[in-house]
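> Dropping the structure in here first, questions after.
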Amino acid sequence: MQKAVSLPLPPADALAASDSLATLIGETIDAAGGWIGFDRYMSLALYAPGLGYYSGGAAKFGRDVRDGSDFVTAPELSPFFARTLARQFVPLLAQGLPRMLEFGAGTGRLAADLLLALEQEGQLPESYCIVELSGELRARQQDTLTQRAPHLATRVQWLDTLPERFEGIIVGNEVLDAMPVRLFARTGGRWHERGVARSVTGDDSTAAHAFSFEDRLIPAHSVPDALRAMPGDHDIVTETHAESDGFARAVGAMLARGAAFFIDYGFPSGEYYHPQRAGGTLMCHYRHHAHPDPFLYPGLQDITAHVNFSGIAHAAVDAGLAVSGYTSQARFLMNAGITDLLMTLDPSDTRAFLPAANAVQKLLSEAEMGELFKVIALTRGLDESEPLAGFARGDRCHTL
Ligand SMILES: C[S@@+](CC[C@H](N)C(=O)[O-])C[C@H]1O[C@@H](n2cnc3c(N)ncnc32)[C@H](O)[C@@H]1O
C-alpha cells in the first residue's frame, strides 16, 4: 500500500490514540492466528470503544480542513435537506405515525433541523429517538439539540438497544456506508478473502502503516453467490455487506407499521458487481481527501464502502417489508419540493440566497451528491392510497 504522503499530519495526541488503536488491532490479529477479515478490522477502526473513528475524539463532520473535519454530509451542508425530508414525513405523521427514530445521528444536525421544520408544519412527532453507537457523538448530538432547538430537545431520547417493536418513521443518512464490509479479490481466476495482517514491509512500524492486506484462498463453495455470478475471470476486488443486510433485516423485524428511509451512496447489485468495477468501492476520508488506504492512521480517518441497495431491499423484503421507493437523492428532493422551499427565500437578498442556493445545488447536482446518493423507502402497513411524494417521478425500484 502506497503512503499518502501529501495528507496533513495529525497532532501528537491524535497520533498517540491511533497508536493505541493499532496496538489493540495488532493484538486482535495475533489472537486470531495472524489474520482477521477486513470487516473485523473496519469494525475496530471505526467503533473500538474510545479509540475508533466514530467512538473516539476525531472532529469527523465539518465544512473543510480548517475545522479539522474529514467530510461533509447533506444535513451539515444545508438545512434544506432536513426541511425537504420533513415535507415527505408530514403526511406520514398525519397518518397516525407520531414517532420518529434516527440511526447514526452524527452531530445531531438532522434531528434538530427536522424537529424545527416539523414544528413549523404543525406536525411535531411525540418522540424522536436516536440510536447511536458512539458515546462521543451522543454527547455532540445533545449539544447541537440544546443549541439549535432548545425547546424541542426534551423530545429526544437515546436508545441503547433497538426497540422490539416500532411504529413510526425511521431515518438514517449515510449510516449504511459506515457498516463493516468483507473484501474479496479474484486473482488468477480464483476467489480469495482479502483480510488484514501485520505489515511485513518493515518500512514503518508506526500506526500509519502497521498493517497490510493479505489474501486467503477460499474454497469454491464458500464464494458468496453475488461474486460467483460475476462474469469473466479477470482480476477484481469487491465487497460484500452481511452487516448492513443484517441491519435491514433487524429494521424489518422491528418496524410494525411505518416507513424507513435510508439515504446513502451506492447502487443496485447489477451496477455494484459489474465486471468493469474491478477495484471495488472501499474509500477512506481524511481531512476532505478521499483515498484508498484503510491502514493510514487507524481511528483518525473514516472508512466506507458504497451500499448495495439490492442487498438492502432483499433483506428488508425477507423481513416482511415492502420497498415503496428507490431513486436518486436529486429526484427525491425535487419530488418532495426542495426548489419550492428554496424559493421561499428572497433571491434579491443575495447574502442569504446565494449560499443557500449553492448548497442546494450540491445536494442536487449529478456531479456532486445528486446522482451517486440514493434514497430507499422500506415500509409496512402504510395507506396505499397515499404514495410517497419523494418517489412520484423517477422511481427506480425495478432496478433493485
Ligand atoms: C457517516 S456518519 C453519518 C452521520 C449523520 N447521519 C450525518 O448524515 O451527518 C455515520 C454514522 O452512523 C453511525 N452508525 C454506524 N452503524 C450504526 C448502527 N448499526 N446503528 C446506529 N448508528 C450507526 C455512526 O456512529 C455515525 O454516527
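The values are calculated or read from the model by the stated rules, or taken from the named source; none is laboratory data. Please read these numbers as outputs of a predicted model, since none were measured by experiment. Ideal geometry is used to build each Cβ from the backbone, glycine not excepted, and the neighbour counts take in all protein chains shown.
> Scanning for something within 13 Å of the ligand (Cβ to nearest atom), more than 30 Å from Asp215 (Cβ to Cβ) and loosely packed, with under 15 Cβ neighbours inside 10 Å, does the range 144-159 turn up at least one residue?
Yes, the range 144-159 contains a residue that is within 13 Å of the ligand (Cβ to nearest atom), more than 30 Å from Asp215 (Cβ to Cβ) and loosely packed, with under 15 Cβ neighbours inside 10 Å.
> Considering only residues that are within 16 Å of the ligand (Cβ to nearest atom) and β-branched (Val, Ile, Thr), look in the range 287-332 and name the one that is farthest from Ser20 (Cα to Cα).
Ile312
> Could you list, in sequence order, the residues of the range 28-55 that are more than 12 Å from the ligand (Cβ to nearest atom), surrounded by 15 or more Cβ atoms within 10 Å (Cβ to Cβ) and part of a helix (DSSP H, G or I)?
Thr28, Ile29, Phe38, Asp39, Arg40, Tyr41, Leu44, Ala45
> Also, I was wondering about something else. Would you pick out the residues in the range 221-231 that are under 23 Å from Gly34 (Cα atoms) and part of a helix (DSSP H, G or I)?
Ser222
> Among the numbered criteria (1) in contact with a strand residue (DSSP E or B) (Cβ under 6 Å, 6 or more places away or on another chain); (2) near the ligand (Cβ under 9 Å from one of its atoms), which single criterion is violated by Leu133?
If we test Leu133 against (1) in contact with a strand residue (DSSP E or B) (Cβ under 6 Å, 6 or more places away or on another chain); (2) near the ligand (Cβ under 9 Å from one of its atoms), just (1) comes out false.
> Out of Ala256, Ala250, report the one residue that is hydrophobic (A, V, I, L, M, F, W, C), part of a strand (DSSP E or B) and under 23 Å from Leu101 (Cα atoms).
Ala256
> Test Gly325 against the criterion of being small (Gly, Ala, Ser), in a helix (DSSP H, G or I) and either surrounded by fewer than 22 Cβ atoms within 10 Å (Cβ to Cβ) or touching a Cys at 6+ places or on another chain (Cβ under 8 Å) (or both), and give yes or no. Reasoning before the result, please.
Details: small (Gly, Ala, Ser): yes; in a helix (DSSP H, G or I): no; either surrounded by fewer than 22 Cβ atoms within 10 Å (Cβ to Cβ) or touching a Cys at 6+ places or on another chain (Cβ under 8 Å) (or both): yes.
When the stated conditions are applied, Gly325 does not pass them.
> Show the residue pairs that are 6+ apart or on different chains and have beta-carbon atoms under 9 Å apart, the first residue being within the range 259-282 and closer than 15 Å to Phe184 by Cβ, the second being hydroxyl-bearing (Ser, Thr, Tyr) and in a loop (DSSP other than H, G, I, E, B).
Tyr272/Thr281
> In addition: Is it true that some residue in the range 134-146 is on the phi < 0 side of the Ramachandran plot and not in a helix (DSSP H, G or I)?
yes
> List the pairs whose first member sits in the range 1-15 and is under 15 Å from Asp293 (Cβ atoms), whose second member is surrounded by fewer than 13 Cβ atoms within 10 Å (Cβ to Cβ) and modelled with pLDDT under 70, and whose Cβ atoms are under 9 Å apart, counting only residues at least 6 apart or on separate chains?
Met1/Thr201; Lys3/Asp203; Lys3/Asp204
> Then there is this: Within the bounds of the range 138-151, is there any residue that is closer than 18 Å to Asp245 by Cα and either within 19 Å of the chain's Cα centre (by Cα) or not assigned by TED's automatic domain parsing to the domain that holds Ile263 (or both)?
no
> Continuing with this model, one more query. Please go through the range 297-314 and give me each residue that is surrounded by 23 or more Cβ atoms within 10 Å (Cβ to Cβ) and in contact with a His (Cβ under 9 Å, 6 or more places away or on another chain), ordered by number.
Residues satisfying the conditions are Gln301, Ile303, Thr304, Ala305, Val307, Asn308, Ile312.
> Sticking with this one: Which one is surrounded by the most Cβ atoms within 10 Å (Cβ to Cβ) among residues in the range 244-277 that are in contact with a Lys or Arg (Cβ under 9 Å, 6 or more places away or on another chain) and more than 28 Å from Gln95 (Cα to Cα)?
Gly266
> For the range 94-125, which residues satisfy the criterion of being in contact with a Pro (Cβ under 7 Å, 6 or more places away or on another chain) and either outside the structural domain of Leu354 (by TED's automatic domain parsing) or at pLDDT 95 or above (or both)?
Arg99, Met100, Arg109, Leu110, Asp113, Leu118, Pro125
> Going residue by residue through the range 11-28, is there one that turns out to be among the hydroxyl-bearing types (Ser, Thr, Tyr), within 23 Å of Glu132 (Cα to Cα) and at pLDDT below 90?
Let us first name the residues in the range 11-28 that are among the hydroxyl-bearing types (Ser, Thr, Tyr), namely 18, 20, 23, 28.
Still in the list and also within 23 Å of Glu132 (Cα to Cα): 18.
Next, only the ones that are at pLDDT below 90 stay: none.
Among the residues of the range 11-28, not one is among the hydroxyl-bearing types (Ser, Thr, Tyr), within 23 Å of Glu132 (Cα to Cα) and at pLDDT below 90, which makes the answer no.
> Could I ask something else about it? Can you tell me which residues in the range 227-239 are without any contact (Cβ under 8 Å) to a residue 60 or more places away in the chain and not basic (Lys, Arg)?
Hits for the range 227-239 are Leu227, Ala229, Met230, Pro231, Gly232, Asp233, His234, Asp235, Ile236, Val237, Thr238.
> From the list Asp349, Asp293, which one is farther than 18 Å from Ala86 by Cβ, in the same structural domain as Leu21 (by TED's automatic domain parsing) and either surrounded by fewer than 23 Cβ atoms within 10 Å (Cβ to Cβ) or charged (D, E, K, R) (or both)?
The conditions single out Asp293.
> Would you pick out the residues in the range 91-125 that are touching a Cys at 6+ places or on another chain (Cβ under 9 Å) and within 11 Å of the ligand (Cβ to nearest atom)?
Within the range 91-125, Leu101, Glu102 qualify.
> Where residues in the range 167-179 are crowded, with 21+ Cβ neighbours inside 10 Å and more than 9 Å from the ligand (Cβ to nearest atom), which of them is nearest to the chain's Cα centre (by Cα)?
Ile170
> Continuing with the same structure: For the range 56-90, how many residues meet the condition of being more than 11 Å from the ligand (Cβ to nearest atom), at pLDDT below 95 and within 22 Å of Ile338 (Cβ to Cβ)?
Residues that pass the stated criteria total 1.
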